[in-house]
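Q: Before we start, here is the structure in question, set down as structure tokens.
Nothing in this text is a laboratory measurement; each read-out follows from the coordinates by a stated rule. It should be emphasised that the depicted structure is a prediction, and the values quoted were computed from it without experimental measurement. As a convention, Cβ positions derive from the backbone with ideal geometry for all residues, glycine included, and neighbour counts pool all protein chains shown.
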Ligand code: C2E
Ligand code: MG
Ligand code: MG
Ligand code: MG
């Protein structure tokens, strides 16, 4: 009887593994067609200047409207896109769509808004990256100074010498760079000093326990001090409460992003925020 049990378990395990592989393959097949079937779209999350309370930028965040499964999060399909190399065409589409959107808000609202676009490691290592960035800017007419590319510590530190060359090429185009999810990876301070990066985004995991968590408060304050010492702009991500915002303001944080300031939103919602030029973008207490 016990033997039987084991057998059943093994069988159960292998069938669930098969199912996992099949659903993985199915998702991959679907992702291959997602671009041509127009199933991908972007949402934009506001980045607010703590001192002026104005919206100064947005981050483009991709979504997949799957015909059967509904909306799939990038945390599920971006790793798959990375694995399969599909991230290169998908990333190019994201970049073009985001630049085009920033330009059309500018035409529509007469306000400039910085567009932040996430780049994955594979895109960063792609030898055609500069060319792809230049052509997205040329074709849409977006000022390169309004484009910011977000890279993670892992991407930057993986091959720091090659990174220096790529960063120099990108800075030559005139776009800005930022380090995303800062504090979760391994940064060499020696390289951090040498990389020409405009901003640091403090990872949400440090912000989420604030203001009570004294260790995360100490880390957040230290990251802000270091970034300012290196003449970098600091962005806090994942700001969910007014108390967190107050503390971040006391710490001298420059920009904030999070559900308290605004969820990732459609182009129309962002256009509405931009049209209220000169009015406070921060929620009223
Ligand atoms: P990320 O770049 O760190 O983006 C921030 C994530 O935090 C977004 O999740 C955003 O919706 C979420 N978020 C923002 N504010 C809050 C908050 O107050 N609380 C909480 N709990 N979460 C908040 P999302 O959109 O699911 O994206 C997840 C990750 O997927 C991104 O993390 C980024 O690494 C990746 N990603 C998204 N779009 C793209 C893309 O176009 N290209 C690439 N390569 N990666 C992307
Ligand atoms: Mg990001
Ligand atoms: Mg981030
Ligand atoms: Mg993050």
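Q: Rounded, prolate or oblate: which fits region 144-224, taking a ≥ b ≥ c as square roots of the Cα gyration tensor eigenvalues, rounded meaning a/c under 1.5, else prolate when a/b beats b/c?
A: Note, shape of region 144-224 comes out prolate.
Q: Quick check on the exposure proxy: order 15, 135 from fewest to most C-beta atoms within 10 angstrom.
A: Lowest count first: 15, 135.
Q: Okay, next question. List 210, 61 from most exposed to least, where exposure is judged by having the fewest other Cβ atoms within 10 Å.
A: If I rank by nearby Cβ atoms, fewest first, I get 61, 210.
Q: Another question, if that's okay. Just need the relative contact order of region 100-161 here, percent rounded to a whole number, with Cα pairs under 8 Å and 6+ apart.
A: 44 percent
Q: Taking Cα atoms, how many degrees apart are the long axis of helix 214-229 and the longest axis of the chain, rounded to 10 and kept between 0 and 90?
A: Helix 214-229 and the main axis of the chain meet at about 60 degrees.
Q: What is the gain in length, in nm to one decimal, between residue 56 and residue 71 on full extension, counting 0.36 nm per residue of separation less the C-alpha to C-alpha distance?
A: Values: separation 15, 0.36 × 15 = 5.40 nm, distance 2.80 nm.
That works out to 2.6 nm of additional length.
Q: Helix 74-84 sits at what angle to the longest principal axis of the chain, using alpha carbons and giving 0 to 90 degrees rounded to 10?
A: Approximately 70 degrees, to the nearest ten.
Q: What residue among 53, 97, 84 has the largest mean-square fluctuation in a Gaussian network model of the chain, using Cα springs under 10 Å?
A: Comparing 53, 97, 84 in a Gaussian network model of the chain, the most mobile one is 84.
Q: Test of understanding: ordering 143, 254, 180 by Cβ neighbours within 10 Å, fewest first, what list do you get?
A: Numbers: 143 15, 254 20, 180 25.
With the sparsest Cβ surroundings first, the list reads 143, 254, 180.
Q: Quick one: helix 160-173 against the long Cα principal axis of the chain, what's the angle to the nearest 10°, folded into 0 to 90?
A: Tilt relative to the chain: about 50 degrees.
Q: Starting from the Cα coordinates of the chain, work out the convex hull volume and express it per residue in Å³.
A: Convex hull volume per residue, Cα atoms: 179 Å³.
Q: What is the distance, in nm, between label points placed 7 Å from the Cα along the Cα-to-Cβ direction at residue 193 and at residue 19?
A: Inter-label distance under the simple model: 5.5 nm.
Q: With an 8 Å Cα cut-off and a minimum separation of 6 or more residues, compute the relative contact order for the chain in percent.
A: 19 percent
Q: Express as a percent, rounded to the nearest 5, the fraction of DSSP beta bridges in the chain (both residues included) that run antiparallel.
A: On the way: 15 of 37 bridges.
Of all bridge pairs located within the chain, approximately 40 percent are antiparallel.
Q: A follow-up question, please. Give me the percent of Cα-Cα pairs in region 109-177 that sit more than 17 Å apart, rounded to a whole number. Show your work: numbers first, answer last.
A: Numbers: 924 of 2346 pairs.
Beyond 17 Å sits 39 percent of the P(r) for region 109-177.
Q: Let me ask something else. Determine the distance separating the Cα centre of region 150-190 from the Cα centre of region 70-87; give it in Å without decimals.
A: 22 Å
Q: Quick one: if the Förster radius is 45 Å, what FRET efficiency do residue 37 and residue 215 give, using the C-beta to C-beta distance and rounding to 0.05?
A: E between residue 37 and residue 215, to the nearest 0.05, is 0.45.
Q: A further question on this structure: Between residue 138 and residue 230, what is the label-to-label distance in nm when each label sits 7 Å out along the Cα-to-Cβ direction?
A: 3.3 nm
Q: Remind me, relative contact order of region 1-145 in percent, using alpha carbon pairs under 8 angstrom and six or more residues apart?
A: 19 percent
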